[in-house]
Amino acid sequence: MKMAKAELIEAGFTYADLDTDTAAKLRYLANEINRLKEKLASNALQIGESLLIAHERLANHRGGKFLQFIECECGFSKSSAYNYMAAFKVFGSLPTVGKLEDGAMYALAQNDTPENARKEVLKLADKGVKVTQKQAKAIIKKHKPKATSGTG
């Protein structure tokens, strides 16, 4: 019987049923992938800083120069470029940003993200917890003000 994706993830990965060589190689690869993911966050912030500088340099040029620059020279969509810049503005000086998935970082960098949500996630990162996009979105949702009904 085939397990659903959620069941597979909830069950967790085990090395117990693998031969020693395969288990050792997979442990090495998992460490390597996680090390590279931490660099990815750092690189994303550096990209955001560079895009922000380019944006400032092109601020006085009309006609969509920045959009042309990011799409033609950098290969980014407008939304991706603004995600990178927002992430840099929020997380540029934080040493624990490597503990955040890039998707988590972008979600937390949005203008409508409550500050308490950012603080909670950063406390987790400070403790060494790797925060996924899914976790970050759940924390953001928890801190967003509840909608009130307009009746009364």
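The values are calculated or read from the model by the stated rules, or taken from the named source; none is laboratory data. Quick caveat: nothing in here was measured; it's all calculated off a predicted structure. We place every Cβ from the backbone using ideal geometry, glycine too, and count neighbours over all the protein chains shown. Accessible surface areas use protein heavy atoms only, side chains included; no ligands, DNA or RNA. Shrake-Rupley method; radii C 1.70, N 1.55, O 1.52, S 1.80 Å.
Which of the helices in the chain meet the span-like rule: DSSP H, Cα axial reach of 27 Å or more, Kyte-Doolittle mean at least 0.0?
none
Carbon-plus-sulfur fraction of the accessible area of the chain, 1.4 Å probe, in percent?
54 percent
If each DSSP helix of 4+ residues adds -39,500 (n - 2.57) and the sum is divided by the residues in the chain, what number results at 222 nm, nearest 500 deg cm²/dmol?
-19500 deg cm²/dmol
Quick check on packing: order 101-113, 12-24, 35-47 by the mean number of other C-beta atoms within 10 Å, highest mean leading.
101-113, 35-47, 12-24
List the residues whose amide H sits under 5 Å from the amide H of Leu100, counting only those 5 or more places along or on another chain, with H placed 1.01 Å from N in the peptide plane.
Val131
When semi-axes √(5λ) of the Cα gyration tensor in Å is calculated directly from the model, which label among [x] 44, 29, 10; [y] 34, 24, 15; [z] 27, 23, 15 fits?
Among [x] 44, 29, 10; [y] 34, 24, 15; [z] 27, 23, 15, the one derived from this structure is [y].
Of Lys37/Lys141; Lys39/Lys78; Lys78/Lys146, which pairs sit farther than 29 Å apart, going by alpha carbon to alpha carbon?
Lys78/Lys146
Which entries of Lys89/Lys144; Lys89/Lys137; Lys65/Lys134 show an alpha-carbon separation above 28 angstrom in the structure shown?
Beyond 28 Å: Lys65/Lys134.
Among 91-98, 79-86, what's the highest-first ranking by average C-beta atoms within 10 angstrom per residue?
Packing proxy ranking, top to bottom: 79-86, 91-98.
Please tell me the relative contact order of segment 22-124 in percent, rounded to the nearest whole number, where contacts are Cα pairs under 8 Å and at least six residues apart.
Across segment 22-124, relative contact order equals 32 percent.
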